[in-house]
Each structure stands twice: as C-alpha cells, then as structure tokens.
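Following: one structure in structure tokens, then a few remarks.
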Amino acid sequence: MKTISIRLEDKDYDLLNEMLQNMGQTKQTFYETYTKTALRLRRIPFMIEDPIDPFYSESNMKRLHHSFRQAEEGRTITKTMDELETMALDE
C-alpha cells in the first residue's frame with residue numbers, strides 16, 4: 001500500500017472537509033472511491049454534489065452583506081406594493 005500526500009489551499013481543504021461531512025464521507029473514502037472508479041472507467045468518473053441551499057451560495061451571501069451595509073447606511077428606498085407593480089408595468 002502506498003501513501004499519497006496532497007497539498008491544498010486552506011480554504012479549499014476546509015470546504016472539501018465540510019462537503020464530505022455533509023455527504024457522510026471521509027477524505028480517505030473519497031479519494032479511494034475516486035481513484036478506483038477513474039481506473040475502471042479510464043476517465044474522470046463522476047460528480048458528487050453537496051446538497052447546499054443556493055440561498056447560502058458565496059455570491060448570494062456577498063450580495064446580502066452588501067444590501068445589509070446599504071440598509072445600515074440608510075441608503076434605502078421605501079415603496080408600497082402598488083408602487084412597485086406600477087413601476088414594473090411602466091418598464
């Protein structure tokens with residue numbers, strides 16, 4: 001049996017660890033499964049997705065933080081639903 005050492009950026013390591021925990025896998029199992037499947041298929045074998053809620057995606061979280069900062073700075077506009085619907089129809 002051989003040992004492989006892989007260097008990852010700290011952020012990537014932490015994200016991979018979180019994803020695998022959500023899937024109930026260890027890094028050892030992940031790499032063994034990946035390797036055996038790749039060798040059998042002779043290609044990049046599969047895609048395993050973390051069932052992440054898109055609300056918490058990095059891009060959405062950035063947008064939310066930006067909106068919170070705007071609200072804290074008092075940079076908001078208040079409209080009624082009727083006003084918004086009228087605006088939508090005018091476009």
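Some observations on this one:
- Count of the range 1-40 residues which are among the charged types (D, E, K, R) and in contact with a helix residue (DSSP H, G or I) (Cβ under 8 Å, 6 or more places away or on another chain): 1
- Sole exception among (1) surrounded by fewer than 10 Cβ atoms within 10 Å (Cβ to Cβ); (2) touching a Phe, Trp or Tyr at 6+ places or on another chain (Cβ under 8 Å); (3) hydrophobic (A, V, I, L, M, F, W, C) for residue 20, by number: (1)
To keep it simple, each residue is scored yes or no on (1) surrounded by 11 or more Cβ atoms within 10 Å (Cβ to Cβ); (2) of a type in the set (Ser, Thr, Tyr); (3) assigned to a helix (DSSP H, G or I).
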| site | (1), (2), (3) |
| --- | --- |
| 4 | no, no, no |
| 8 | yes, no, no |
| 35 | yes, yes, yes |
| 46 | no, no, no |
| 69 | no, no, yes |
| 76 | no, yes, no |
| 82 | no, no, yes |
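- Near pairs, Cβ below 9 angstrom, 6+ apart or cross-chain, from the range 19-39 (among the polar types (S, T, N, Q)) to any residue that is assigned to a helix (DSSP H, G or I): 25/19; 25/33; 26/20; 29/20
- Boolean, residue 24 is under 26 Å from residue 7 (Cα atoms) and small (Gly, Ala, Ser): yes
- Qualifying residue in the range 55-66 (condition: surrounded by 12 or more Cβ atoms within 10 Å (Cβ to Cβ), touching a Leu at 6+ places or on another chain (Cβ under 7 Å) and outside any loop (DSSP other than H, G, I, E, B)): no
- The set of residues in the range 56-91 that are hydrophobic (A, V, I, L, M, F, W, C) and either farther than 23 Å from residue 15 by Cβ or assigned by TED's automatic domain parsing to the domain that holds residue 21 (or both) comprises 68, 71, 77, 81, 84, 87, 88, 89.
The values are calculated or read from the model by the stated rules, or taken from the named source; none is laboratory data. Remember, it's a predicted structure, so these values are computed and weren't measured experimentally. Cβ: placed from backbone, ideal geometry, glycine included. Neighbour counts: every protein chain shown.
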